[in-house]
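Before any comments, here is the structure.
The values are calculated or read from the model by the stated rules, or taken from the named source; none is laboratory data. Fair warning: this is a prediction, and the values are worked out from it, not measured in the lab. Each accessible area value is taken on the protein alone, full model and side chains, heavy atoms only, with ligands, DNA and RNA left out. Shrake-Rupley method; radii C 1.70, N 1.55, O 1.52, S 1.80 Å.
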Amino acid sequence: MVSGWSMELGPILHYGVYVLIGIVCVGAIVRALWAPMDIHRAPCCGGCGHGVRDILQGVCPECGGQYAKVGITTPSMAVRLRASLPIALLAWTTMVGVGASLSHGWLEQRAWATYSTASVAFTPGVGGKQSEKYTTDLTPVSMGSFSAFGRAESKTALEYRISLDLGYVIDGDKVESGMCVMKLRKNGEPESFPLTIDLADGSFTIKDDQGKEIAKGGKDSKVDDGVVEQWFDHAGLDIKDKAVRRSIKDAAKIARYARVDPGAIEASLNNSFSTGDDGALRGNGGSRSSGPGAFGATAGMVGPPGIGTMEMSIWVGMLGAVYVSGCAGIVWRNRRVLRG
């Protein structure tokens, strides 16, 4: 168990080390470039800095100090009192590295904060939007009635299938928008009869195998058994067959679920079936995917969630410019100090 003291002292020690490194590095740079502050071209009095013109006098004419006590400072001696140029460059490199570490951590924290906010905002049931997509092939169950020899009787009436393509955006528990497309096709036929439902307003269209509209419904229309029966009839199926009528009923249920509770469709297609369920629609596998509704993932993310490529490029560019400028300034200042 981590104590409260450890949790409180952790950040202090962490940033305290950075502060200590910064102080040492700044001291090294200042000592290398600015100490001592008065470097002269000629020897000077160690007490006041007055130029020494006649060392034989033994006394500074400016301050009266004896050279034997205050000393005489020469340019080479003053330079040796400073830190070297490599030390100054090393200190600057260390400072830039510390700054890079701190700034990169700040950028990552901001990226995580933005990601966490987005995750909460777009979570279903928390007032956010979520996009969902579900596709599958539906086939009618053919339990059949069996003879004494175990061979099934003719099932010609059930030689068809439906391709379901469902895509929608859900806001909380409510379907906000989307499309449900069911394509009815007789086995062996190259073309299908599509039934398209707009989940936002309930309008629908039925087209034939040539793409010609054969039926439609306006806003807030209901795709009930009658609409689906018309759809099956135009596809050339025997709508009087008991098993086909069961398929009609299930297709109408799928259309109703698509508008109010699309998440329940997959479960309704995977029930166990009995001998009385001829024609019941069954899902054959299928795929489901989801993501933040209407927003999606940002295209230039470096890792999940990561820092955006644009932010990373700007950060690297600014960091490089600061480092190069600092190195150039240190070298220029050092040369200026040497020349006097």
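Cross-link reach is defined here as a Cα-Cα straight distance under 12 Å, omitting same-chain residues fewer than 8 places apart; for LYS222 the aspartates and glutamates meeting it are ASP198, ASP201.
In the complete set of protein chains, residue-level accessible area for ASP198 is approximately 50 Å², probe 1.4 angstrom. Straight-line reach from LYS129: taking Cα to Cα under 16 Å and skipping same-chain neighbours fewer than 8 places apart, the lysines in range are LYS174. Using a probe radius of 1.4 angstrom, the carbon and sulfur fraction of the accessible surface of region 171-268 is 43%.
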